[in-house]
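Trainee: Can you keep this structure in mind? I'll have questions shortly.
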Amino acid sequence: MRERTGLASARRWRALNPPATIADQLRGRVVFDTLARRFADRGAIAVVLGGSWSRGEAHRGSDIDMWVLGRRSGHQTLLRGGFQVHVERTTERAERRRLLDPRRVGGSVPGWRSALLVYDPRGVAARIQAEARRFRWSTIASRCDRWVADQVTESAEEAIKLIRAMAEGSLETAAVQRNLLADRMAIVLAVHRRILYGTENELWERVGRRVGGRWRSAQRAALGVPRGDVVGSCDAALELYLLTATAVRRTFLPEQADAVAEAGKLIRACLASSSRA
């Protein structure tokens, strides 16, 4: 019943934000090109269209992602012609580093692969795009394993904070910690399973479908899908942590394995207590 209600709600939201029409795309391109010329006149090395508009997947309310390569970094959001334009100022060095960063590579590689190079007189953006298209997980495999192990070990503290908040009846704090675990574990397992996801708008669904089984069930419950109570979803977030730690255990150093195991004992005791309640 709840799943059917969720589907009906999704249909209502889609009606409010339908796929972009050709007219929408033309209006958006005029907005983008006007801003691109302005940034080019101000010394930009390259101006790139990214996100859903570059992939042909935009909806009427989608923001326009503009990457401006130059000598400095920063973000700003502009409202132009009825469109929100998210401008990310970045550098060639920063973008190349993202293609080697386990935390960012899942979004950066597909993003650059599908990007439209609108202004690129020196070929800088083209070289980054070519590098993204040549990307292979094997080139950063050891770096990914270290990052995964670090993230799961550090997240043990967040799991314990969740248990403490539940014990103290601090449901708002517990909900925040639950959300943190549900958010972080998907990214961790995406790196561990070598999943490219392009945009975080589809990260959780894509990882859930790829992993499946108990992990996906725990993830959905932790995120409140279908709708659930705070206590139940917090228990699910703790189980999600345990399942993720088990999945990536080969990446741990001995001290990390000990830290995660110690947290796991407490988590299992709490989950056993909940099941008896």
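Trainee: Whether any residue in region 220-233 is hydroxyl-bearing (Ser, Thr, Tyr), in contact with a Phe, Trp or Tyr (Cβ under 9 Å, 6 or more places away or on another chain) and not assigned by TED's automatic domain parsing to the domain that holds Gly56 is what I want to check.
Mentor: No, every residue in region 220-233 fails to be hydroxyl-bearing (Ser, Thr, Tyr), in contact with a Phe, Trp or Tyr (Cβ under 9 Å, 6 or more places away or on another chain) and not assigned by TED's automatic domain parsing to the domain that holds Gly56.
Trainee: Please determine whether any residue of region 257-268 is in contact with a helix residue (DSSP H, G or I) (Cβ under 6 Å, 6 or more places away or on another chain) and basic (Lys, Arg).
Mentor: So far as region 257-268 goes, no, none of its residues is in contact with a helix residue (DSSP H, G or I) (Cβ under 6 Å, 6 or more places away or on another chain) and basic (Lys, Arg).
Trainee: Quick test of your reading of the structure: Arg122 fulfils all but one of (1) loosely packed, with under 15 Cβ neighbours inside 10 Å; (2) over 29 Å from Ala149 (Cα atoms); (3) free of Cβ contacts under 8 Å to residues at least 60 places away in the same chain; (4) not β-branched (Val, Ile, Thr). Name the failing condition by number.
Mentor: Result: Arg122 fails condition (3) only.
Trainee: Using the structure shown, decide if Arg146 is outside any strand (DSSP E or B), within 30 Å of Leu242 (Cα to Cα) and not assigned by TED's automatic domain parsing to the domain that holds Ala44.
Mentor: So Arg146 fits the description; yes.
Table: residues versus (1) among the aromatic types (Phe, Trp, Tyr); (2) at pLDDT 95 or above; (3) assigned by TED's automatic domain parsing to the domain that holds Pro121.
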| position | (1), (2), (3) |
| --- | --- |
| Arg11 | no, no, no |
| Ser52 | no, no, yes |
| Met66 | no, yes, yes |
| Leu69 | no, yes, yes |
| Gln84 | no, no, yes |
| Ala94 | no, yes, yes |
| Arg98 | no, yes, yes |
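Trainee: Do the conditions hold for Gly51, that is, is it surrounded by 19 or more Cβ atoms within 10 Å (Cβ to Cβ) and on the phi > 0 side of the Ramachandran plot?
Mentor: yes
To keep it simple, each residue is scored yes or no on (1) assigned to a helix (DSSP H, G or I); (2) over 25 Å from Phe135 (Cβ atoms).
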position	(1), (2)
Asp33	yes, yes
Gly43	no, yes
Glu57	no, no
Val68	no, no
Arg96	yes, no
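The values are calculated or read from the model by the stated rules, or taken from the named source; none is laboratory data. Just so it is clear, the model here is predicted, and its values are computed rather than measured. Because the Cβ atoms are built from the backbone with ideal geometry, glycine has one as well, and the counts that use them run over all protein chains shown.
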